[in-house]
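Readers should treat all values here as calculations from the given coordinates under stated rules, not as data from a laboratory. All values reported here derive from a predicted model rather than from experimental measurement. All Cβ positions, glycine included, derive from the backbone under ideal geometry; neighbour counts span all protein chains shown.
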Amino acid sequence: MTATRRQATPGRWWAFALLAALVVGAFLVSLGLGAVPVAPSEVVGVIARKLGMSIGSEASPTAAAVIWEIRLPRALLAGVTGAAFAAAGAGLQGLFRNELADPYLLGIGPGAALGGVVGASAGAAAGAIAGGVVGGIFTGLLLKRLSRTRAAEPSRFILTGLALGLAITAWVGFIVFTSDRTKVPPLEFWLLGDLAGTTWAALGTTLVIVSIGLVGLLAGGRALDLLALGEADARRLGLDVGLTLMVLLMAIGAITGAAVGAAGVIVFVGLIAPHVARRVVGPAHRKMIIASAMIGALIVTLADLIGRTAVSPIEIPVGLVTAAIGGPFFLWLIRKPDYGTA
């Protein structure tokens, strides 16, 4: 057993190293491609000079402004929101032992969007993000009350989440269409996701909230491992299942809400990334949450890159790109004979 563990561990660390390299590579490519092409050495040079270092080539003033003011915060927010949605999906799949669990499918994403719309209509600079966090947490706690059928009827639980999300989405549309359009982003932002117009302030607020929520999820990794044994066994081993559900759903709601408030609902990232991570690093939840976050960051970074370059100068919302990938993946999952349980 010890030898097996020693042989498996390096492979898993290599997997983390490979994921990190892929994320960094996608990030640098995203910074260089667009309406104003910028060479990789110039991309490095712009960032290095902003940090007081003389590395890479010196870019033109136009290229430097494009990189620092537009593409860099956008690419960073793509990574942060992708990590948030993916980690939230990993947490939900662990909490409910349901491989179809996802922030969007269970209604937490739409709930965060409703909170974000209300917050944005108040006119505060960070109102959308703050409202999204409140809406995400509230919907997560509401989901806890609706989760009594999750073990026996996983498909019914998912349908309950879908119905909840559709009902909330209707209210999102109603508030958007009746609010001041100068304060509230359009409906397509909330339903399809949009990283255009990202600011450093929005990135900073989102990063802080998502980081705190991720720490909370990682701290609950052992509890998620115990829940994988079943609630009865977890209780026998001393786990307070009710408290665990409440605390982790609050963390999931917070990171989902921050991501939605900053970039809208980006669908299916929280469904795809945990499945890939589970096969790459195994079922232990702490490792799986970290790997999921890295894979989610990679997915959204690449989706945003495709969305803004595929039919340039027209931009395709990032959520449409992830839906094009996630829709067939979801259909494949529900066709599996044992779908619904992780």
Worksheet entry | Odd one out for residue 194, checked against (1) charged (D, E, K, R); (2) farther than 16 Å from residue 318 by Cβ; (3) touching a Pro at 6+ places or on another chain (Cβ under 9 Å) | (2)
Worksheet entry | Residue satisfying condition, being part of a helix (DSSP H, G or I), touching a Ser or Thr at 6+ places or on another chain (Cβ under 8 Å) and closer than 30 Å to residue 69 by Cβ, within set 191, 203 | 191
Response to the item:
Being charged (D, E, K, R), assigned to a helix (DSSP H, G or I) and either within 22 Å of residue 143 (Cα to Cα) or in contact with an Asp or Glu (Cβ under 6 Å, 6 or more places away or on another chain) (or both) narrows 308, 279 down to just 308
Fill in: Selected residue (criterion: surrounded by the fewest Cβ atoms within 10 Å (Cβ to Cβ)) from residues of the range 19-63 that are under 15 Å from residue 302 (Cβ atoms) and free of Cβ contacts under 8 Å to residues at least 12 places away in the same chain
21
Worksheet item: Any residue at all in the range 323-334 that is outside any helix (DSSP H, G or I) and either of a type outside the set (Gly, Ala, Ser) or touching a residue at least 12 places away in the same chain (Cβ under 8 Å) (or both)?
Response: no
Worksheet item: Do we find a residue being more than 30 Å from residue 23 (Cα to Cα), of a type in the set (D, E, K, R) and loosely packed, with under 15 Cβ neighbours inside 10 Å anywhere in the range 236-248?
Response: yes
Item to complete: Please find, within the range 198-225, the residue that is farthest from the chain's Cα centre (by Cα) out of those that are among the β-branched types (Val, Ile, Thr) and closer than 24 Å to residue 283 by Cβ.
Response: 215
Response to the item:
Counting only helices (runs of 4 or more DSSP H) wholly inside the range 14-125, the ones holding at least 2 residues that are polar (S, T, N, Q) are 72-96
Discussion item. Name the residue that is nearest to the chain's Cα centre (by Cα), counting only residues in the range 74-130 that are within 24 Å of residue 298 (Cβ to Cβ) and among the hydroxyl-bearing types (Ser, Thr, Tyr).
Written reply: 81
